[in-house]
């Protein structure tokens, strides 16, 4: 079974969206999907909400820090922000590393609708990229 690891700063939003989407898109018999962060900031409630809009429940996900054993045994590691790219532990040369520099929707400002639209935009971009892996 192949392993894919999505990494961002706090494992609260982008990497959680990616984990939920990858689990719904990729074949679970072929892929083990996990996410983590440099730190664990807790699951962002807006991330849970926008995933529920498309029928994916991530409400029971846990915000976790990087597991070095899983990182080192992964087939693919995808960093979703510059902080994870810059501060991630060294990714072994045997692991395919892909960087998706996505804006953090948790830092969006404006009306509630504008903020939620930023979350949706990020979710949709991640979904498109996972489908093209």
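Values quoted throughout were computed directly from the atomic coordinates according to the rules given, and no laboratory measurement underlies them. Here the structure is a predicted model, which means the values were calculated and not measured. Methodologically, a virtual Cβ is constructed for each residue, glycine included, from the backbone with ideal geometry; neighbour enumeration extends over all protein chains shown.
Largest GNM mean-square fluctuation across 120, 34, 14, computed for the chain with C-alpha springs under 10 Å, falls on 120. Over the chain, DSSP H runs of length four or greater, each weighted -39,500 (n - 2.57), average out per residue to a 222 nm ellipticity of -11500 deg cm²/dmol. Counting only alpha carbon atoms, the long axis of helix 14-25 and the longest principal axis of the chain meet at about 80°. Protection proxy ranking for 41-47, 24-30, using the average of other Cβ atoms within 10 Å per residue and placing the highest first: 41-47, 24-30.
Helix 112-131 and the longest principal axis of the Cα set of the chain meet at an angle near 30°. Each part gets one Cα centre, and for region 1-58 versus region 83-115 those centres are 12 Å apart. Bridges between two residues of the chain, per DSSP, are antiparallel at a rate of about 0%. Each Cα pair under 8 Å and six or more residues apart adds its separation to the average, and for region 73-133 the resulting relative contact order is 29 percent.
Extents of the chain, largest first, come to 44, 31, 26 Å (Cα atoms, principal axes, whole angstrom).
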